Amino acid sequence: MRKIKIVCFLTAVFFFNAQAQQLPLYSQYMVNDYMMNPAIGGKNDYFVAMSANRYQWIGITDAPRTYTLSVHGPGKRKNIGLGGYLFTDIVGPTRRIGASFTYAYHAKLNDEYKLSMALSGGLLQFSVDASKITLYDPVDLVISNGYQRVLLPDFGTGFYLYSKKLYVGVSVPQIYPAKIRFFDYTTNTRAKLATHVYASAGYKFDLGEDFKIEPSIQFKYVKPAPMQFDFGARLFYKEKIWIGGSFRTRDAAAMMAGFVYRENLAFSYSYDLTTTNIKNYSTGTHEVIISIKFGKNAPLVPPPNKNSAPQFN
């Protein structure tokens, strides 16, 4: 019961003050990069569809769960990128469902670098099942029994400078601070969509013929929460198998790994070890990602060799 009350208190504060981190976290930010920055849409000459599933703070009742499905790729014109995504983010009695469409323009700066600029637009639905929240004051009118929901417009923008080895990106999701009103009698509310700022960078170094290493960093900020950094690195073997890790300030450290099967199907998994006091109640966080490349320019799948064991290529 104590755990349930903790989660309900946190979610109530989130929805009715809305002055903190509203968007879900991703430990594999370098893999699920399109969800972090719409300007990444269409950076390759093929389409990428990705399903990401995150189960946070296992062991705590009603802990956050996030599910996303995205797809992006090039338009008919090579310098245009198109994409979209669906997601649902569940925290205790609250739920956040969204859909967005993105449009990106990729400008060639020289033979090595390109700069992408993007806009995104969609809808968000915030909902709360007030019957699952236990109040100190049972007659408090701020939350009444029943299921409340509100539909809001959502807009964002992003920039992405990239080459075959380097990338630097900045994105601003929820750039329009739409007010969140759950109740008809609410005339004035502080609750609104909080504008976030994300920045990321990474570089892939060659370590001989078969190995590469990619250190990366991600910065997140939303007022008035403190700034948060993710420091990560992945070690690749023949661009088919990789292992890595990351550290998120004021939150967790993560171990992760992934592999590519038959050129166009990829799997990755990460496990977070919480560094805050939540570790006294949780056994960690799991994140699973599956992606597939398709389209006329997607990597070719080699025919199976009946005389050999299955290979990762």
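The values are calculated or read from the model by the stated rules, or taken from the named source; none is laboratory data. Just so we're clear, the structure is a prediction, and the values are computed from it rather than from any experiment. Here the Cβ positions follow ideal geometry from the backbone for every residue, glycine too, while neighbour counts run over all protein chains shown.
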Some residue of the range 286-306 being of a type in the set (Gly, Ala, Ser), at pLDDT 95 or above and touching an Asp or Glu at 6+ places or on another chain (Cβ under 9 Å): no
Some residue of the range 258-266 being within 21 Å of Ser70 (Cβ to Cβ), touching a Ser or Thr at 6+ places or on another chain (Cβ under 8 Å) and among the acidic types (Asp, Glu): no
Qualifying position, being in contact with a strand residue (DSSP E or B) (Cβ under 8 Å, 6 or more places away or on another chain), more than 22 Å from Gly121 (Cα to Cα) and aliphatic (A, V, I, L, M), among Ile40, Ile58: Ile58
Matching residues, the range 107-120, being out of contact with any helix residue (DSSP H, G or I) (no Cβ under 8 Å at 6 or more places or on another chain) and part of a strand (DSSP E or B): Ala107, Lys108, Lys114, Leu115
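This table checks each residue for (1) closer than 30 Å to Lys76 by Cα; (2) part of a strand (DSSP E or B); (3) modelled with pLDDT of 95 or more.
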| site | (1), (2), (3) |
| --- | --- |
| Ser200 | yes, yes, yes |
| Arg234 | no, yes, yes |
| Glu239 | yes, no, no |
| Phe247 | no, yes, yes |
| Met256 | no, yes, yes |
| Phe259 | no, yes, yes |
| Glu263 | yes, no, no |
| Tyr271 | no, yes, yes |
Selection count where residues are closer than 16 Å to Val48 by Cα and of a type in the set (D, E, K, R), scope the range 254-305: 4
The range 286-313 residues that are more than 24 Å from Met256 (Cα to Cα) and in a loop (DSSP other than H, G, I, E, B), paired with ones that are modelled with pLDDT under 70 and of a type in the set (S, T, N, Q) (beta carbon under 8 Å, 6 or more apart): Pro302/Asn313; Asn305/Gln311
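For (1) more than 21 Å from Pro24 (Cβ to Cβ); (2) at pLDDT 90 or above, each residue gets a yes or a no:
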site: Ser144; (1), (2): yes, no
site: Pro177; (1), (2): no, yes
site: Arg190; (1), (2): yes, no
site: Lys204; (1), (2): yes, yes
site: Ile213; (1), (2): yes, yes
Residue in the range 86-106 that is surrounded by the most Cβ atoms within 10 Å (Cβ to Cβ), counting only those that are touching a helix residue (DSSP H, G or I) at 6+ places or on another chain (Cβ under 6 Å) and modelled with pLDDT of 95 or more: Ala104
Given (1) modelled with pLDDT of 95 or more; (2) outside any strand (DSSP E or B), index of the condition Asp184 fails: (1)
Filter result (among the β-branched types (Val, Ile, Thr), surrounded by 14 or more Cβ atoms within 10 Å (Cβ to Cβ) and in contact (Cβ under 8 Å) with a residue 24 or more places away in the chain) within the range 205-264: Val222, Val260
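If you take the residues of the range 15-60 that are assigned to a helix (DSSP H, G or I) and at pLDDT 95 or above, which of them is nearest to Val128 (Cα to Cα)?
Met35
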Matching residues in the range 220-232 - criterion: being outside any strand (DSSP E or B) and among the basic types (Lys, Arg): Lys223
